[in-house]
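One structure below.
The values are calculated or read from the model by the stated rules, or taken from the named source; none is laboratory data. None of the values given here were measured: they were computed from a predicted structure. Cβ: placed from backbone, ideal geometry, glycine included. Neighbour counts: every protein chain shown. In case anyone asks, the SASA skips ligands and DNA or RNA and just uses the protein heavy atoms, side chains included. Shrake-Rupley method; radii C 1.70, N 1.55, O 1.52, S 1.80 Å.
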Amino acid sequence: MDQNKQQEEDYGYNLFPERNSGKFQKGSIAESLFTFNHKCQVMLQFAMETSPYAKLLLGAMKSSGCAVYKDRHFSCEDCDGTVSGGFDATSSQIVLCQNNIHQQSHMNRVVTHELIHAFDHCRAHVDWFNNFKHLACSEIRAANLSGDCSFHNEVSRFNFGLKKHHQECVRGRALRSILAVRKVSREEAEKVVDEVFDTCFNDHAPFGRIPHDKKDANFAYRDFENRDRYYANL
């Protein structure tokens, strides 16, 4: 990458001002009193314990040698109003935007979306900063597998009725995510998404299928939990 371009690129960190500001010391009284931190922490814990999407991803990461710990790998922070979460590859930490996440269902989707990035970081050694195709692939997978494009969510956005609607939703959300964190033209982002779309859209690991809703996710989690049972009985 051109050195000048690399210096100008902030990789989306401007959307997460607390990453560098040191505004609150973690665990301080100020953090507890003046932010949504406590509510965020409670919703995060609930997501980790009850969401089949999150439970499957946490189990898959542990099996891959990348166990996730709540206090180490998640951080509830105030963010720019346009984002709900992010994955910071430099610290292997998921940022949850406590000022923008107010419902448990939203928290569940954000946790799932970012855990997919964390899973990709673990299993595929994604080069987030220098390989545009790696970034695009993970964004496609996260949009496809997290429930972001579920029928219920799309109806709530008044988006429905199009041919191959799920694919178009995934493509559009991946594109928007890339444009939010990289200083590239829309044309360049679309070109890279198109180049990797089919391969990455059809990569359903670790779910084994596209979990279109909670029922699908529960089936996928059940299959994941029972994956070794057959061989154990031989």
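Can you tell me which of GLU188, GLU139, GLU168 is among the acidic types (Asp, Glu), modelled with pLDDT of 95 or more, over 19 Å from MET43 (Cβ atoms) and open to solvent by 60 Å² or more (accessible area, probe 1.4 Å)? So that I can check it myself, show each step before the final result.
Working: GLU139 fails: open to solvent by 60 Å² or more (accessible area, probe 1.4 Å); GLU168 fails: modelled with pLDDT of 95 or more.
Every option except GLU188 fails the conditions.
Evaluating ALA180 against the criteria (1) touching a Ser or Thr at 6+ places or on another chain (Cβ under 8 Å); (2) of a type outside the set (Ser, Thr, Tyr); (3) at pLDDT below 90 leaves one unmet condition, (3).
If you go through the range 109-131 and keep only what is part of a helix (DSSP H, G or I) and either open to solvent by 40 Å² or more (accessible area, probe 1.4 Å) or of a type in the set (Asp, Glu) (or both), you end up with ARG109, GLU114, ASP120, HIS121, ARG123, ALA124. All conditions but one from (1) touching a residue at least 40 places away in the same chain (Cβ under 8 Å); (2) open to solvent by less than 20 Å² (accessible area, probe 1.4 Å); (3) not in a helix (DSSP H, G or I) apply to CYS149; the one that does not is (1). Selection within the range 119-139: residues that are more than 17 Å from ARG173 (Cα to Cα) and touching a residue at least 60 places away in the same chain (Cβ under 8 Å). The member of this set that is farthest from the chain's Cα centre (by Cα) is ASN130. Of all residues in the range 40-58, those satisfying the criterion of being more than 14 Å from GLY208 (Cα to Cα), in a helix (DSSP H, G or I) and of a type outside the set (Val, Ile, Thr) are CYS40, GLN41, MET43, LEU44, GLN45, PHE46, ALA47, MET48, GLU49, ALA54, LYS55, LEU58.
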